[in-house]
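Engineer: Here it is: the structure, laid out below.
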């Protein structure tokens, strides 16, 4: 089992928008690189939320690698309805400030999507919120770039897969 922690989510690096384009096409490319680098085949993709759109995009671009799709609570399908919170996030400048500057989407989700938000451990809460780090290279993220967030994530996943296979 391989469970990618997408860049900017969970405990992964959270590069600035200048360092990493937070766009669907980039995330699909990241997942494609991971699948290719690990030489995954006969994949059962389970995609939830943003991961549904990312996973479906990768599966469409490399269908020979995927055998089953399980998509849950995702916007991977066309819809004429867009919740107001997501529309606000897509507003130029305001959306970027709210999402990446003030972390409003994640903060709201911690309250709205948690049964008992007061009982969420501080470590878990911190992992779900964007944290700023220093020392970024500013170079494009590629699987071969030793210091890029994507390169580190791929190597960490490779190490985990090797340990489980050995």
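The values are calculated or read from the model by the stated rules, or taken from the named source; none is laboratory data. Keep in mind it's a predicted model, so treat the numbers as computed, not measured. All Cβ positions, glycine included, derive from the backbone under ideal geometry; neighbour counts span all protein chains shown.
Engineer: Just one of the numbered conditions (1) modelled with pLDDT under 80; (2) more than 20 Å from residue 18 (Cβ to Cβ); (3) within 18 Å of the chain's Cα centre (by Cα) is not true of residue 107; which one?
Structural biologist: (1)
Engineer: Just to verify a result, which residue in region 36-72, among those that are modelled with pLDDT of 95 or more, closer than 17 Å to residue 1 by Cβ and out of contact with any strand residue (DSSP E or B) (no Cβ under 8 Å at 6 or more places or on another chain), is surrounded by the fewest Cβ atoms within 10 Å (Cβ to Cβ)?
Structural biologist: 39
Engineer: Residue check, residue 29 against (1) under 15 Å from residue 7 (Cα atoms); (2) part of a helix (DSSP H, G or I); (3) touching a residue at least 12 places away in the same chain (Cβ under 8 Å), all met but one. Which one?
Structural biologist: Unmet for residue 29, out of (1) under 15 Å from residue 7 (Cα atoms); (2) part of a helix (DSSP H, G or I); (3) touching a residue at least 12 places away in the same chain (Cβ under 8 Å): (3).
Engineer: Report yes if some residue within region 43-60 is over 19 Å from residue 8 (Cα atoms), without any contact (Cβ under 8 Å) to a residue 60 or more places away in the chain and part of a loop (DSSP other than H, G, I, E, B); otherwise report no.
Structural biologist: Within region 43-60, not a single residue is over 19 Å from residue 8 (Cα atoms), without any contact (Cβ under 8 Å) to a residue 60 or more places away in the chain and part of a loop (DSSP other than H, G, I, E, B).
Engineer: Another question about this same structure. Which one is nearest to the chain's Cα centre (by Cα), of the residues in region 9-31 that are surrounded by fewer than 16 Cβ atoms within 10 Å (Cβ to Cβ) and under 21 Å from residue 104 (Cα atoms)?
Structural biologist: 10
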